[in-house]
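The values are calculated or read from the model by the stated rules, or taken from the named source; none is laboratory data. Since this is a predicted model, take the numbers as computed values, not measurements. Don't worry about glycine lacking a Cβ; one is built from the backbone with ideal geometry, like all the others, and counts go over all protein chains shown. What goes into the accessible areas is simple: the full protein's heavy atoms, side chains included, and nothing from ligands, DNA or RNA. Shrake-Rupley method; radii C 1.70, N 1.55, O 1.52, S 1.80 Å.
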Amino acid sequence: MPSQGIGNTPPPKLPLFALGLAQIGLFLSLEGPVRKWLARKVVRASVVLINGMIMTVSLWHSTVMMLIVGAGFWLVPSVFDVVPGVGIWWVIRPVWVLGFALATVPFLLVLAQVERRISAGAGRSMPLVRLLLGSALLYVVV
């Protein structure tokens with residue numbers, strides 16, 4: 001923050017550099033076991049499936065999260081009275097994460113199909129008049 005006189009990251013200090021090296025070392029030490037685990041067909045297929053829709057997950061999980069939080073404020077506002085960091089807060093974290101994940105799945109199923117249809121037609125060229133008309137309509141609407 002600009003208002004803080006002393007910070008631990010600008011410019012990077014030796015402890016931050018050491019932390020980065022330690023994390024790199026940790027990840028490199030896990031490379032062999034992770035490669036063995038990924039060699040399994042089911043795991044590999046799952047990774048390929050999820051990777052194929054990772055942009056959809058990235059783009060839509062926040063929307064779903066905001067819808068759930070908004071519904072929570074409307075339906076059960078007392079759930080937001082829990083003080084962060086206390087015991088009950090840690091207990092309900094997995095419930096929130098599971099709720100977000102379950103609510104995101106229908107969005108992903110529908111939107112992944114839409115993305116596949118759009119990408120299947122991506123090789124076709126669009127007439128210039130149609131592009132200009134779409135841009136003009138977007139300008140008028142926004």
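On the range 14-111, 79 percent of the accessible area sits on carbon and sulfur atoms, based on a 1.4 Å probe. Counting only protein heavy atoms and a 1.4 Å probe, the chain has 85 square angstrom of accessible area per residue. The base-10 log of I(q)/I(0) for the chain, evaluated at q = 0.09, 0.16 Å⁻¹, reads -0.63, -1.15 [Debye formula, identical scatterers on Cα atoms, solvent excluded]. In loop segments of the range 79-142 as defined by DSSP, the trypsin sites (Lys or Arg not before Pro) with at most 14 further C-beta atoms inside 10 Å of their C-beta are ARG124. Measuring nothing but how far apart in sequence close Cα pairs (under 8 Å, 6+ apart) lie, relative to its length, the chain scores a relative contact order of 23 percent. Taken as entire DSSP H runs, the helices of the chain that both span 30 Å or more between Cα atoms along their own long axis and average 0.5 or more on the Kyte-Doolittle scale are 54-75, 87-120. A probe of 1.4 angstrom, applied to the heavy atoms of all protein chains, finds PHE100 with accessible area near 40 square angstrom. In a fully extended conformation the segment linking ALA136 and ALA39 would gain 29.9 nm over its present Cα-Cα distance, using 0.36 nm per residue. Dipole magnitude for the chain: computed about the Cα centre from +1 point charges on Lys and Arg Cβ and -1 point charges on Asp and Glu Cβ, it is near 660 debye.
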